[in-house]
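Each remark here refers to the structure printed beneath this line.
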Amino acid sequence: MVRKLDARLDDILAAAVGLLSSGGMAAMTTTALADAAHCSKKTIYALFPDKDGLLAAIVQRQAETVARELEGGFGDEAQTQAEARDAAIRLGAALLELLMSPASIAINQAAASDASGHLGEILRSNGRN
């Protein structure tokens, strides 16, 4: 059951990124998202309380990539210089992948075009930790 929910969440988040990429925030209506994710609006509302929650989930999902690299590469154990270098290279690659991914580009473009600054605040508050 959890795997099915995770797969549904992945589908919805991927569809949301696709809509953001193609048409920005204006394209990301609940109806369009339900169509793109092949689910009902009810499913979307059950998983995300509102659009802010959905956007926060996209940002958090992106940030998890770097967090995994940090946890895996820079643990408490003593490392050789070569191991530390390799870990830093993996972290740099993960960070670059995060910053240049379609999801990151889409969310940053949408935040840049949001005159209210609300989306930028979601990005700041959910992406840093």
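The values are calculated or read from the model by the stated rules, or taken from the named source; none is laboratory data. Given the structure is predicted, the values throughout are model-derived calculations rather than measurements. Please note: Cβ atoms are built from the backbone with ideal geometry, for glycine as well, and neighbour counts cover all protein chains shown. The area values use the complete protein model at the heavy-atom level, side chains included, leaving out ligands, DNA and RNA. Shrake-Rupley method; radii C 1.70, N 1.55, O 1.52, S 1.80 Å.
Would you call ALA87 closer than 28 Å to ASP11 by Cβ and out of contact with any strand residue (DSSP E or B) (no Cβ under 6 Å at 6 or more places or on another chain)? In short, no.
The residue pairs whose first member lies in the range 39-67 and is more than 15 Å from MET28 (Cα to Cα) and of a type in the set (S, T, N, Q), whose second member is in a helix (DSSP H, G or I) and open to solvent by 30 Å² or more (accessible area, probe 1.4 Å), and whose beta carbons are closer than 6 Å, counting only pairs six or more residues apart or on different chains, are GLN60/ASN126. Entry remark, the range 85-117: residues being of a type outside the set (A, V, I, L, M), part of a helix (DSSP H, G or I) and without any contact (Cβ under 8 Å) to a residue 24 or more places away in the chain number 5 in total.
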